[in-house]
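The next block holds one structure in the form of structure tokens; read it before the comments.
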Amino acid sequence: MTDIYDDLKIDKDIVALVNKAEFDVKNELNKIDACEYVNSLKVLKAFHQNNLSENHLNGTTGYGYSDSGREVIEKIYCDIFGAEDALVRNQFVSGTHALTVALFALLRPNDTLLSISGTPYDTLKSVIGIDENASSLKSYGVKYEQIDLIDNEFDLDKIKETLLTKKIKVIEIQRSKGYSTRKTISIEQIKKVIDFIRKFDEKVIVMVDNCYCEFVETTSPLEVGADLIVGSLIKNLGAGIARNGAYICGKKELVELCGERLTCPGQGKEVGASLECNREFLEGLYFAPHVVASSVKTAILTSKVLEDLGYSVEPRYNEKRSDIVELIKFGNEQDLISYTRGVQMGSPVDAKALPVPADMPGYDHKIIMASGSFVQGSSIEFSCDAPLKEPFIAYQQGSLSYQYGKIGLMKAVQNLRDKK
Ligand SMILES: *Cc1c(COP(=O)(O)O)cnc(C)c1O
């Protein structure tokens, strides 16, 4: 074993440090297995209930009429997440695209969108019109209101006041933190706030940005009252197997509107060739409970190791988790860059590439990204990204297996020490 660590250029004391941390978090890691098991039961049950068969693994071409594989996949998603209807499509270019389709599908001129979880994900700023854009919702006359979280909790007083004084069409809740320092919003918090919202407004559409949260808990936002959930397939549910795509699940009439916006009015969900995607969407979903659990375990170990090294982390190793992201506050640019480069060195693909901070479309600051993944930009794979701004926080997520996550973490910590 010593030789192979030498070959991997990992110092023995770093191996010892990570092994010690792993020993310390054993109980936490075991808890994740229980969640993986429940989600695996759900997936297999849905496969069986919908009689998944070999012919569903093949796709269609051209218009994509009568795509039985695509239809079964969407029924399986409905069963797992408690939805009436679903769009699970390779025509979504990203999670942002699926969120954009949903927002444009639900909102009309003079309608108001309300975010109750503070500033939305960076790439949505141009979509909403917070950042000026000639094609934003704002450019079509859609209004936007925002209520910030207070100490990681929903501001119930402001929500009540807004619902009683203004006509709101859609409420958006973003669960994961994006590039902020707040905590991730749990299912329990979602349930409480939706119950509260329904006291004042029965009809307002509650849409949840569910990115990074799928299968981290065992309940979906739809099961606690949300109307629509949206997420990316190069995150949790694609398990690193899906090569692109995203999903929208929820109320039938809302998903239908999304279908008409994704393709065209009059054709909606009935078209869209799945090409070669059905097999990988299904296999990805099948592996997703395990890959998400591997990612969460990698995050727990990362949290303990970096805390032992004196950095502040969120969540801490023994805190409840609702997404796969680990936030590490480095406090200085050098450590942030070295660690991120170390994540790249611990990745399977392009391990020798040197990440450099760069401008990215849709983001405000320069960003440094480590992603030596099989699927471009896939963040269910071991990856790390960070905006270059105070207090120099890295957002690490993913790992297709816990073992690779552990080894990748050792490489990252090694490079943090080597300051390369
Ligand atoms: C990843 C993510 C998105 C969508 O991002 P894409 O990179 O466009 O897939 C949206 N919201 C949150 C919270 C995310 O983590």
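Quick look at the numbers
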item	result
Helices (runs of 4 or more DSSP H) fully within the range 94-171 counting 2 or more residues that are within 14 Å of the ligand (Cβ to nearest atom)	95-106, 124-128
Residue satisfying condition, being open to solvent by less than 20 Å² (accessible area, probe 1.4 Å), within 11 Å of the ligand (Cβ to nearest atom) and in contact with a Phe, Trp or Tyr (Cβ under 6 Å, 6 or more places away or on another chain), within set Ala242, Ala246	Ala246
Ser338 vs. criteria of a type in the set (S, T, N, Q) and touching a residue at least 60 places away in the same chain (Cβ under 8 Å)	yes
First in the range 317-329 and at pLDDT 95 or above, second anywhere and among the aromatic types (Phe, Trp, Tyr) and part of a loop (DSSP other than H, G, I, E, B), Cβ under 8 Å, 6 or more apart	Asp323/Tyr212; Ile324/Tyr212; Val325/Tyr212; Ile328/Tyr311; Lys329/Tyr311; Lys329/Phe392
Scope the range 73-93; condition assigned to a helix (DSSP H, G or I) and open to solvent by less than 20 Å² (accessible area, probe 1.4 Å); matching residues	Ile73, Glu74, Ile76, Tyr77, Cys78, Ile80, Phe81
Lys192 vs. criteria more than 14 Å from the ligand (Cβ to nearest atom), among the basic types (Lys, Arg), open to solvent by 10 Å² or more (accessible area, probe 1.4 Å) and touching a Lys or Arg at 6+ places or on another chain (Cβ under 9 Å)	no
Unmet criterion (only one of (1) assigned to a helix (DSSP H, G or I); (2) free of Cβ contacts under 8 Å to residues at least 24 places away in the same chain) for Val15	(2)
Glu217, sole failed condition from (1) out of contact with any Cys (no Cβ under 9 Å at 6 or more places or on another chain); (2) open to solvent by less than 50 Å² (accessible area, probe 1.4 Å); (3) more than 15 Å from the ligand (Cβ to nearest atom); (4) not small (Gly, Ala, Ser)	(1)
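The values are calculated or read from the model by the stated rules, or taken from the named source; none is laboratory data. Note that this is a predicted model, so its numbers are computed, not measured. Here the Cβ is made from the backbone with ideal geometry for all residues, glycine too, and neighbour counts use every protein chain on show. Heads up: the accessible areas ignore ligands, DNA and RNA and are worked out on the full protein's heavy atoms, side chains in. Shrake-Rupley method; radii C 1.70, N 1.55, O 1.52, S 1.80 Å.
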